[in-house]
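The values are calculated or read from the model by the stated rules, or taken from the named source; none is laboratory data. These numbers were taken from a predicted model, which means no experiment stands behind them. Cβ atoms come from the backbone with ideal geometry, glycine included; neighbour counts cover every protein chain shown. Side chains included, ligands, DNA and RNA excluded: accessible areas come from the protein's heavy atoms. Shrake-Rupley method; radii C 1.70, N 1.55, O 1.52, S 1.80 Å.
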Amino acid sequence: MSVIKIDQHNFESVVVNSAKPVLVDFWAPWCAPCRMFSPVIDEVAEENAHITVGKVNVDENPALAQQFQIMGIPAAVLFENGRPVRRLVGLQPKSAVEEMIG
């Protein structure tokens with residue numbers, strides 16, 4: 001499954017109302033670790049059909065970053081039933097992301 005671009009307009013429909021867990025990557029284009037983490041997120045999306053994977057550009061969606069207290073990026077947050085349940089901050093190996101999503 002491909003990665004979904006998430007913003008304040010579709011956050012509720014994609015994340016809050018999802019029947020599946022949703023992994024959200026909070027990132028910014030100027031962030032070098034975010035660019036290095038992006039292929040990891042893309043691979044996780046392709047290999048795990050049991051979850052939805054999306055990305056939030058924090059520069060374009062500062063309210064979402066603030067709402068979920070994103071203080072450092074990249075930040076991967078796992079949502080279940082519309083609520084954040086786990087998070088990883090900083091550049092992480094694929095194994096850490098896979099462990100987080102179960």
A correct Kirkwood calculation over the Cα atoms of the range 1-60 returns a hydrodynamic radius in Å of 11.8 Å
Go through the range 87-99 residue by residue and turn each phi into a ³J(HN,Hα) via Karplus (6.51, -1.76, 1.60, θ = phi - 60°); whole Hz please, and just put x for glycine and proline.
8, 10, 10, x, 5, 10, x, 4, 4, 5, 5, 4, 5
Rank by packing, highest mean first: peptides 19-29, 56-66, 87-97, with packing defined as the count of other Cβ atoms within 10 Å averaged across residues.
19-29, 56-66, 87-97
With a 1.4 Å probe and all protein chains left in place, how much accessible area per residue does the chain have, in Å²?
53 Å²
Hydrodynamic radius by Kirkwood for the chain, inverse mean 1/r across distinct Cα pairs, in Å, is 13.2 Å
So what are the ³J(HN,Hα) numbers for the range 22-30, from phi and the Karplus equation (6.51, -1.76, 1.60; θ = phi - 60°), rounded to whole Hz, Gly and Pro as x?
10, 9, 10, 9, 8, 8, 8, x, 7
Whole-number percent relative contact order across the chain, with pairs defined as alpha carbons under 8 Å at least 6 apart:
37 percent
The chain - percent of accessible surface contributed by carbon and sulfur, probe 1.4 Å:
53 percent
